[in-house]
2 protein chains.
Amino acid sequence: MSARQVTLAEVAKQAGVSLATASRVLNGSTRQVSEELSDRVLRTAEQLGYVPNASAQALARNSSSLVGLVVHDITDPYFSCIAAGVTRVAEEAGLVVVLGTTGRRPEREVELVSTLRAHRARAIVLAGSRTTDRTAQARLAAEIDAFTEQGGRVACVSQAKLGTDTVVPGNRAGGRALARALTELGHKRFAVLAGPSELFVARDRLAGFKAGLADAGAAPPLVINGAFTRDGGYEAALELLASKSRATCVFAVTDVMAMGAMAALRERGVRVPEDMSIAGFDDIPTLRDTVPALSTVRLPLEEMGEIAAGLVLDPGGDEARTVRVAGEVVLRASTAHN
Amino acid sequence: MSARQVTLAEVAKQAGVSLATASRVLNGSTRQVSEELSDRVLRTAEQLGYVPNASAQALARNSSSLVGLVVHDITDPYFSCIAAGVTRVAEEAGLVVVLGTTGRRPEREVELVSTLRAHRARAIVLAGSRTTDRTAQARLAAEIDAFTEQGGRVACVSQAKLGTDTVVPGNRAGGRALARALTELGHKRFAVLAGPSELFVARDRLAGFKAGLADAGAAPPLVINGAFTRDGGYEAALELLASKSRATCVFAVTDVMAMGAMAALRERGVRVPEDMSIAGFDDIPTLRDTVPALSTVRLPLEEMGEIAAGLVLDPGGDEARTVRVAGEVVLRASTAHN
DNA sequence: GCGTGGCGGGAAAGCGCTTTCCAGCGCTGC
DNA sequence: GCAGCGCTGGAAAGCGCTTTCCCGCCACGC
């Protein structure tokens, strides 16, 4: 057993060249190697089944081929779509994706960045939404600094006051456009299932929505906070029903929450859209199969992942770059005229 | 810029001890170190913000803290659930998950194992279903052998004739039990949307289902092959409708395919379950929010991921272990009496 | 004819860590 | 009182690779 891994030294010896030459042939350096030797090395490497030891390369080059991807929950379609985009780009670039999940715990995010730093990752994509928690934010920023100091690159998806490259979805504008579209359907009284108030994403979408209502001269919405998950949406919807609000239309700040909310409405016999219209945000792929089809603000999630990966792999300047991605209002069957 | 990483040597020097001692303190070796020195080292490390270089450790120890996870498509809830299970266990064990996606291409799977081997991953979890393609299978087996020779461990989720540890869902038994449950509802004529015929998972579920029908004395089903995706289910359902089959109940071998099929039925005005009953397999979480709720065979997906990770991280014997996971028939609103 | 460059090849010095091996020391046991 | 043991600390040899530096060779140009 344990037929130890073939090393470069073995290949070199077998091919009758020096270690240096073998290395140059097998890993394209700037230096040229004569065709004869090059062929010989290539052939022996092939023959021996040589696979370079990535750790040794990482150590010698002081940089690895790892790209970190940090998400809250990989089963959430929002994150899995972004993950798909990131992995596609990374794999095309010959890099390897390290997946870390935080379970929405800010400390865990810091830990993950630190681990990735220990592994000398090339780059990190942070896909979770930032919070307004100052101390968590500060520790994360410190860890990110340490990482960039060391030559790593970082990009965030969604708002991030971290001075890194960022892919920013049009949360505010999307919320605003959605509000206008819904008022145009004739709705006057709204409720918002707003997620936790300390999440930037949630805040921005809410703020945009409020602004849109104001534009249209509608009354401010009833705002119900809750967890940023399906079950959070479910609970928030129950709360809404219990509140005796006279809202005719409810906006859940994520599709996932909207799904939960629809389940709650269904259970309570509230018909969508006849009794209540509902809209979400993100346009996750699973929406294709909900009934009634959910109105939402479409974000190109996979593409956002690709863009983030692109930013983080591109050498780029030292300026933090920001790519804005617009959301597009998509009205479907879950929102009716009022 | 680039305030180079703090090294062990720096910590050792600063603390006035030898490299060896510092290493022993900071990475728990078998050797003891006096409390005084130990304290001093710990303090300086803390103070300097020392983070061990994982590549160097991997090189010196000839083993890394990487665990590979190979899936076909991370946006598929089936895989993302398994991924969640695997990452949870891996992270608890202080390991780091490397995510590779194959896009269902067998060559890519081989590449990924090879990459993981280059990185001296501790272990690999292969979550995609195996195919009956002989040559692809052989190359994969060779790569896996190389990896295990080198001390790595491999586990597969779902059927795998690869001689590795395996988590085997009760595909056959589940299909059979489902068939029986459906015949008990009074259905006599069935169709199966069976996925590609070369996939073991698809074949086993189909075979079990057929056996169950036979048990109940029902006629063999109409079998329609297609892609193993939502759109494959959609297409297959259209084909079914075009076929003028008189089936009253259709079994899609995965929930994801069933979702596509339901969409097709809905579009064509076929009511579920009044005009047609439908059942899937897996019980992916997104089913919670489909209407009508889909009958299915529940598999504990996250748990399967956890088990696979457990197998692969546990030293274990040299015997290939197999853990069977039973599926449980769950009848919901999508299947009616006939 | 010989100095000058340029170019391909190899020796060897690391990269940051683990681990073996040895030295020194305080004990025990005869 | 001393051999022998167990224990802790340190020196140093790698782990497999990259890369610098040097050397020898050839083609030129004066």
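The values are calculated or read from the model by the stated rules, or taken from the named source; none is laboratory data. No experiment lies behind these values; they were computed from the predicted model shown. All Cβ positions, glycine included, derive from the backbone under ideal geometry; neighbour counts span all protein chains shown. Ligands, DNA and RNA are stripped out before the accessible areas are found, and what is left, the full protein with its side chains, is counted by its heavy atoms. Shrake-Rupley method; radii C 1.70, N 1.55, O 1.52, S 1.80 Å.
Dividing the alpha-carbon radius of gyration of region A:171-299 by 2.2 N^0.38 Å (N being the number of residues), what value is obtained? If you can, show how the numbers build up before the last one.
Working: Rg = 12.8 Å, N = 129, 2.2 N^0.38 = 13.9 Å.
Ratio of Cα Rg to 2.2 N^0.38 Å: 0.92.
Share of antiparallel DSSP beta bridges in chain A, in percent to the nearest 5?
Working: 4 of 37 bridges.
The antiparallel fraction comes to roughly 10 percent.
Figure the gain on full extension for residue B:268 and residue B:185 (residue separation times 0.36 nm, minus the Cα-Cα span) and round it to one decimal in nm. Walk me through the numbers before you get to the answer.
Values: separation 83, 0.36 × 83 = 29.88 nm, distance 2.44 nm.
Full-extension gain reported as 27.4 nm.
In terms of its alpha-carbon gyration tensor, region A:119-160 comes out oblate; a/c meets the 1.5 threshold, while b/c is at least as large as a/b.
Which entries in the list A:161/A:244; A:161/A:210; A:210/A:244; A:13/B:13 go over 31 Å, if you measure between the two C-alpha atoms of each? Numbers along the way, then the final one.
Numbers: A:161/A:244 38 Å; A:161/A:210 23 Å; A:210/A:244 21 Å; A:13/B:13 38 Å.
Exceeds cut-off: A:161/A:244; A:13/B:13.
On full extension of the chain, what length is gained from residue A:107 through residue A:293, given 0.36 nm per residue of separation minus the C-alpha to C-alpha distance? Please report the intermediate quantities before stating the final value.
Details: separation 186, 0.36 × 186 = 66.96 nm, distance 3.72 nm.
Length gained, residue A:107 through residue A:293: 63.2 nm.
When residue A:36 is represented by a point 7 angstrom out along its Cα-to-C-beta vector, the spacings to that point in the other copies are 6.5 nm, nearest first. Residues considered: A:285, A:77, A:52. Largest GNM mean-square fluctuation over chain A, using C-alpha springs under 10 Å, is found at A:52.
Give me the 1.4 Å probe accessible area per residue for region A:53-202, excluding ligands and nucleic acids, in Å². Write out the running numbers ahead of the final one.
Numbers: 4950 Å² over 150 residues.
In whole numbers, region A:53-202 has 33 Å² accessible per residue.
Against the 2.2 N^0.38 Å scaling, with N counting residues, where does chain B land? I'd like the Cα-based Rg ratio to two decimal places.
That ratio works out to 1.26.
Rolled with a 1.4 Å probe across the full set of protein chains, the surface gives residue B:262 an accessible area near 10 Å². How far is helix B:35-48 tilted, in degrees, relative to the longest principal axis of the Cα atoms in chain B, given as a value from 0 to 90 rounded to the nearest 10? Here the helix axis deviates by roughly 70 degrees. An ellipsoid equivalent to region B:8-52, defined through the eigenvalues of its Cα gyration tensor, has semi-axes of 15, 10, 9 Å when rounded to whole angstrom and sorted largest first. The HN-Hα couplings worked out from phi for region A:273-279 by the Karplus form 6.51 cos²θ - 1.76 cosθ + 1.60 (θ = phi - 60°) are x, 4, 8, 8, 8, 8, 9 Hz, whole numbers, x standing for Gly and Pro.
Which shape class, rounded, prolate or oblate, goes with the protein assembly as shown when its Cα gyration tensor gives a ≥ b ≥ c as root eigenvalues, a/c under 1.5 marks rounded, and past that a/b bigger than b/c marks prolate? Please report the intermediate quantities before stating the final value.
Values: a/c = 2.13, a/b = 1.30, b/c = 1.65.
Since a/c reaches 1.5 but b/c is at least a/b, the shape of the protein assembly as shown is classed as oblate.
Projecting 7 Å from Cα along the Cα-to-Cβ direction, the label point of residue B:324 sits 6.0 nm from its equivalents in the other copies, listed shortest first. A quarter of the convex hull surface defined by the alpha-carbon atoms of region A:173-230 gives 3.7 nm² as the mean projection. Ligands, DNA and RNA left out, the accessible area of chain A computed with a 1.4 Å probe is 50% carbon and sulfur. For residue A:166, the residues whose modelled amide H falls within less than 5 Å of its own, excluding neighbours fewer than 5 places apart on the same chain, are A:156, A:321, A:322, A:323. At a Cα cut-off below 17 Å, give the aspartates and glutamates reachable from residue B:188, other chains included and same-chain residues fewer than 8 away excluded. Within reach: B:215, B:274, B:275.
The shape of region B:73-120 comes out oblate: with a ≥ b ≥ c from the C-alpha gyration tensor, a/c is at least 1.5 while a/b does not beat b/c.
Hey, quick one: spin label on residue B:30, modelled 7 Å out along Cα-Cβ, who in region B:55-69 has an amide N within reach, i.e. under 12 Å? No residue passes the distance filter. For the protein assembly as shown, the antiparallel share of DSSP beta bridges with both residues in that region comes to about 15%.
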